[in-house]
Amino acid sequence: MTTTSQFLAATALVDAAAVAPLPNSRKVYQQGSRPDLRVPFREITQSDTPTLFGGESNPPLTVYDTSGPYTDPGAAIDIRKGLPALRAGWIQERGDTEQLSGPSSRHGQQRRDDPALQALRFELQRPVLRAKSGANVSQMHYARRGIVTPEMEFVAIRENLRRDEYLVALRGSGPDGEKIARRLLRQHPGQSFGASIPAQITPEFVRDEIARGRAIIPANINHPEIEPMAIGRNFLVKINANIGNSALGSSISEEVEKMTWAIRWGGDTVMDLSTGKNIHETREWIVRNSPVPIGTVPIYQALEKVDGKAEELTWDIFRDTLIEQAEQGVDYFTIHAGVRLPFIPMTADRMTGIVSRGGSIMAKWCLAHHKESFLYERFEDICEIMKAYDVSFSLGDGLRPGSGYDANDEAQLAELRTLGELTQVAWKHDVQVMIEGPGHVPMHLIRENMELQLEQCHEAPFYTLGPLTTDIAPGYDHITSGIGAALIGWYGTAMLCYVTPKEHLGLPNKKDVKDGIITYKIAAHAADLAKGHPGAAIRDNVLSKARFEFRWEDQFNLGLDPDTARSFHDETLPKDSMKVAHFCSMCGPHFCSMKITQDVRDYAHRQGLEGHQALQEGMREKAVEFVGKGARLYHRT
Ligand code: IRN
Ligand code: FE2
């Protein structure tokens, strides 16, 4: 057991590896319409190696950045103090909030005197806000009244990926700048399944999407530290990383570090699913240090309060838990209000029953009392709390299938319809909503699931857990689910909840968290490409050009995980000189297809041949060379 003071000493600063800037990268900010609106991006510098297409240089590429101030060497971060309150001024200016003297929750009052816990707490140093009586502080409420908030403008700038700036840089990069720009910006038209992403995302577009309920900006007024982001199918596909201790393992400092680690690799939101000890304190540390929205499942903590006895849960305990967490600044709540009493028997013939933790807690409560769920019956009361802090709903899929066998069954679809009904209740209160989805769904049933969600939940953003496309690969469920995530993202899911390799097997460690995130970044980006998100292909094109030009360092650095790419290359060619070589160890110096293509082009150039003819001539010459060397052709991608 570590004592409080040991804990504090150990966590004064976050683990350096979790917060160091990524290689060849620096933080850049784009100024919005006001001085306190600075939108962060990551700029990846490329080498000056002369390139194939002429003498032009390779301008740095700017990418979306979720890592917050952690990767900015200029920002001095002390996690005991938390991050700067970036949005504090925006919230205050709106004049619709009031400051409470301290946390009003029972938890706060009961435990304030505990000296050990006091040292772990932040509330004592920060204001706790609530909407003034009668006010509604949700982004949806502002949007519907025609107000473009700084949060919306922030999101608009972020989603455009500084494409215009990159175009200008490319054009100025050398004599062939214009040609290169056209090449690097080219992408295949997408198939969007009804999503319509404009070429330029404006603050007004963001406002309109929020007003219609087609997107949300999770942004609790008690989480002023966040850099706002949007979840909606007309924006970049987002990913969520789950962290959290259980009764069995992991400490507060580890959880904070997992959060910084998760956002370093691209987590757009983080859910704290802690269920063990010091649940309140763990969350406070995470929220105060998180630049991304934090989600929770409040029923987990409510269950702790009744010592794990689901049947002893009451509305009062649940309501107090919601208020406690809303005052801490949690940005979205998973609430399993669609698990209704009449739906529970529908799970009787399932292969895997109810696999959702929250869903099973509510099912147990409903059966024990033989009563309708208090989450369903009190839904409007919950909305009142949500709009007083701007907490977004993530309506839980408590009846999601836990196996391909159970996919798209009666119970799942009955719940989905109910979530659609509740969406309209929430929207009546101008409360932001997204809808959680499965789970385990074989590929051929995924599209149907997405279409039903859009129709029945009135286009509220879908947020799915995978889905896992097959059940036969425990240990590899980041892959079984990454496949489903890519597909459902393409069809229109707005956010993908990651699954790590430890799914079904144990609590993920740091490596699992990273593997889950990279897998989901791949799925999300593949979906952006397929949807035809304007500008999605730039990074692919820039990386492909670096690859073709044997700029190894640039290839590593432009990728999602430069460290792994570099270490794989080092395994066989560790020397620095090999980072400029025109081949790698996969095919060796003589059989590199890209080297050969370049030789072919050079040959054509020398011979003064044109196009097709050149290619044929070159290939003939190469073929002779190959056979001469006893070539075996390797298939490669
Ligand atoms: C996402 C979509 N469907 C479920 N999720 C996530 O699963 C949800 O956001 C939360 O992180 C977790 C909740 O699990 P239970 O309580 O439904 O098992
Ligand atoms: Fe599962």
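The values are calculated or read from the model by the stated rules, or taken from the named source; none is laboratory data. What you see is a predicted model; the values in this text were computed from it and never measured. Cβ placement follows ideal geometry from the backbone for every residue including glycine, while neighbour counts extend to all protein chains displayed. Note: areas computed on protein heavy atoms with side chains; ligands, DNA, RNA excluded. Shrake-Rupley method; radii C 1.70, N 1.55, O 1.52, S 1.80 Å.
Observations on the model:
- Among the GluC sites (Glu not before Pro) in region 358-451, those located in a DSSP loop and surrounded by at most 13 other Cβ atoms within 10 Å of their own Cβ are E372.
- Helix-only arithmetic for the chain: the sum of -39500 (n - 2.57) across DSSP H runs with n ≥ 4, divided by the residue total, places the mean residue ellipticity at 222 nm at -13000 deg cm²/dmol.
- Span-like helix check, the chain: no full DSSP H segment qualifies, none having both a Cα axial length of 27 Å or more and a mean Kyte-Doolittle of 1.0 or more.
- Look at the alpha carbon pairs under 8 Å that are at least 6 residues apart: their mean separation over the length of region 140-225 gives a relative contact order of 51 percent.
- Cα-Cα over 19 Å, subset of K238/K514; K81/K277; K179/K521: K81/K277; K179/K521
- Relative contact order of the chain, pairs being alpha-carbon contacts under 8 Å that are 6 or more residues apart, as %: 14
- Accessible surface, per residue, of the chain when the full set of protein chains is kept, probe 1.4 Å, Å²: 41
- With the convex hull of its Cα atoms as the shape, the chain has an orientation-averaged projected area of 30.1 nm².
- Rounded percent of accessible protein surface that carbon and sulfur make up, the chain, 1.4 Å probe: 55
- Euclidean distance between Cα centres, region 526-594 to region 361-382, Å: 53
- Scattering curve values for region 213-530, log₁₀ I(q)/I(0), Debye with Cα scatterers, q = 0.07, 0.10, 0.15, 0.16 Å⁻¹: -0.23, -0.48, -1.23, -1.45
- Gain in span if fully extended, T314 to E380, counting 0.36 nm per residue against the direct Cα distance: 22.1 nm
- Within straight-line cross-link reach of K579, aspartates and glutamates at Cα separation under 15 Å, skipping those fewer than 8 residues along the same chain: D48, E549, E553, D554, D563, D570, E571
- Solvent-accessible surface of protein heavy atoms, probed at 1.4 angstrom with all chains present, puts S481, S577, S133 in the order S133, S577, S481, largest first.
- Straight-line reach from K428: taking Cα to Cα under 17 Å and skipping same-chain neighbours fewer than 8 places apart, the lysines in range are K387.
- If R0 equals 56 Å, the separation of the Cβ atoms of H188 and A348 corresponds to a calculated FRET efficiency of about 0.75.
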